[in-house]
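Everything on this sheet refers to the single structure shown next.
The values are calculated or read from the model by the stated rules, or taken from the named source; none is laboratory data. These numbers come from a predicted model, not from an experiment. No Cβ is skipped: glycine too gets one built from the backbone with ideal geometry, and neighbour counts run over all protein chains shown. Ligands, DNA and RNA are stripped out before the accessible areas are found, and what is left, the full protein with its side chains, is counted by its heavy atoms. Shrake-Rupley method; radii C 1.70, N 1.55, O 1.52, S 1.80 Å.
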Amino acid sequence: MRAPVPDAPSDEHFLLSGGLYQYLEYCPKYGCIAVELTRSGSLVHAYPYRPDQFESHQTVSLPYEEVFFKFTENMKPWGMTRLPDGDLIVVFLQWNTFPFAGGIARVRPDGSVAWFRHDYSHHWPRLLPDGNIVVPAMRIGGSHLSVPMPHGYSIDLECDGKIEEDIVRILNPQGKVLQEISVLDALLRSPYRGLLSDTPPCDPLHLNYVVPVTKGIEALYPDVSPDDFVVSLRNLSAFAILGRHDHRLKHLFTGTFLRQHSVQPLGQSATMLIFDNHGGDWKSGPSRFIAYDLVTHTERTLLHNPEKGGARFSDEAGNISVSPDLKRAIVTYSLSGRAYEVRLADGKILTAFNNLHDLRTVPAAGERRNHALAWFCLFTALYVH
């Protein structure tokens with residue numbers, strides 16, 4: 001990381017996600033599931049990764065289609081957030097299994113697992129103002145979905161496997177489910193259901209982010225309530241407002257952004273920040289960091305991508321964390337293993353994070369040990385204090 005940033009709070013730290021064989025200098029057995037660092041790069045706290053604990057602390061275990069599954073090899077820490085007491089809420093994805101949604105856990109500072117729900121939760125969790133947790137999740141449906149349209153027409157989705165039905169799940173810090181809302185059902189009841197005519201039939205929405213609406217959004221739409229959510233729908237290249245109590249898909253927004261992630265309002269405003277994975281702006285290139293104005297429906301690029309395939313490109317994933325003072329944001333280019341702290345006023349890069357690790361002590365690295373260093377995906381980089 002670079003030198004301290006002028007005017008940044010001195011007690012401002014960063015929480016970076018890890019995983020198997022990452023940060024072995026702090027967690028020598030399996031690596032760290034996450035680390036908290038100062039702006040200068042000094043360690044504040046390391047959360048050891050203890051994959052042996054998850055299976056034994058399962059409170060929910062849903063069926064998966066898997067071959068030779070191992071928690072140490074197939075379970076990947078993905079999204080996370082920190083509770084006020086220092087515990088982490090960690091969401092996992094599973095590789096080489098169906099579905100990909102690995103579940104959600106509460107992890108203590110010593111790496112021990114308080115509870116683990118192997119329950120199809122996925123992507124990034126968010127803390128709600130009341131202290132509960134909202135997270136994207138899914139149910140597994142059948143292989144056929146018929147979408148009714150006017151005058152007797154229909155759109156038929158035929159999946160050669162099983163359809164992933166995305167839901168919004170709300171849990172308390174003890175891991176108890178308080179509410180579930182089907183985003184797919186909400187879309188089917190909305191005027192926007194025609195968008196399903198051009199989407200992958202097995203994964204029609206790919207919900208990847210859920211965040212509460214703001215006062216700025218409420219002021220624009222009389223039908224929006226304070227408890228409603230903004231949901232990011234990757235496979236529709238859209239985000240929408242979902243009613244928490246009436247389960248309605250109230251408004252849907254598109255633009256030049258494509259297969260986006262981490263859609264969220266800036267503070268209490270009506271400005272949405274978006275990690276645009278594949279946007280078609282010729283000047284900016286894909287994997288842009290953009291602001292979308294809900295009043296004018298215009299886009300502004302906050303951080304350009306100089307070239308596809310370069311350091312600032314992520315075909316999938318990608319996350320944004322906004323600083324408490326709303327002046328900066330950490331933009332995570334997950335698949336490239338890099339993140340950048342950006343000043344929102346002018347797009348200046350203030351801090352760079354590189355998820356590069358030494359493999360020389362890892363027996364499973366094989367020939368890669370000869371190269372000593374390896375890039376790992378970086379799924380989460382957050383401001384914490």
Based on the Cα gyration tensor of region 1-137, what are the three equivalent ellipsoid semi-axes, each the root of five times an eigenvalue, rounded to whole Å and given largest first?
27, 17, 13
Between LEU258 and LEU43, how many nm apart are label points set 7 Å from Cα along the C-beta direction?
4.3 nm
Please find, in a Gaussian network model of the chain (springs between Cα atoms separated by less than 10 Å), the residue of LEU127, LEU326, LEU273 whose mean-square fluctuation is greatest.
LEU326
Calculate for the chain the 222 nm mean residue ellipticity that helices alone would give, adding -39,500 (n - 2.57) per DSSP H run of length 4 or more and normalising by residue count, nearest 500 deg cm²/dmol.
-1000 deg cm²/dmol
Using only the alpha-carbon atoms, what does region 211-323 span along each of its principal axes? Please give whole angstrom values in decreasing order.
43, 24, 23
Karplus-derived HN-Hα couplings along region 291-301 (A = 6.51, B = -1.76, C = 1.60, θ = phi - 60°), whole Hz, x at Gly and Pro:
10, 10, 8, 6, 7, 9, 6, 9, 10, 9, 7
GNM of the chain, Cα pairs under 10 angstrom: of SER112, SER262, SER154, the biggest fluctuation goes to SER154
Order of exposure, largest accessible area first, which applies to LYS76, LYS250, LYS176 with probe 1.4 Å:
LYS176, LYS76, LYS250
Cα-only Debye scattering, region 139-270: base-10 log of I(q)/I(0) at q = 0.13 Å⁻¹
-0.56
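Over 24 Å between C-alpha atoms is what I'm after, so list which of LYS215/LYS283; LYS215/LYS348; LYS162/LYS250; LYS283/LYS348; LYS29/LYS70 land there. Don't jump to the answer; show the numbers that get you there.
Numbers: LYS215/LYS283 33 Å; LYS215/LYS348 28 Å; LYS162/LYS250 27 Å; LYS283/LYS348 17 Å; LYS29/LYS70 16 Å.
From LYS215/LYS283; LYS215/LYS348; LYS162/LYS250; LYS283/LYS348; LYS29/LYS70, over 24 Å: LYS215/LYS283; LYS215/LYS348; LYS162/LYS250.
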Measuring from a point 7 Å past the Cα of VAL67 along Cα-to-C-beta, which residues in region 141-177 have an amide N at less than 19 Å?
160-162
The chain: relative contact order as a whole-number percent, Cα under 8 Å and 6+ apart:
11 percent
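If you take the alpha carbon radius of gyration of the chain and divide it by 2.2 N^0.38 Å, what ratio comes out, to two decimals?
Normalised Cα radius of gyration, the chain: 0.96.
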Using the crude model of +1 on Lys and Arg Cβ and -1 on Asp and Glu Cβ, and no other charge, please compute the dipole size for region 208-330 relative to its Cα centre, in debye to 20.
240 debye
If you build a Gaussian network model of the chain, linking Cα atoms that sit under 10 Å apart, which residue out of ALA372, ALA101, ALA137 swings the most?
ALA372
Region 58-162, Kirkwood Rh and Cα Rg, ratio Rg/Rh at 1.10
Extension gain, HIS297 back to ASN354 (0.36 nm per residue minus Cα-Cα distance, nm):
17.1 nm
Between ASP346 and THR59, the two model label points (7 Å from Cα along the beta-carbon direction) sit apart by a distance in nm of 4.9 nm
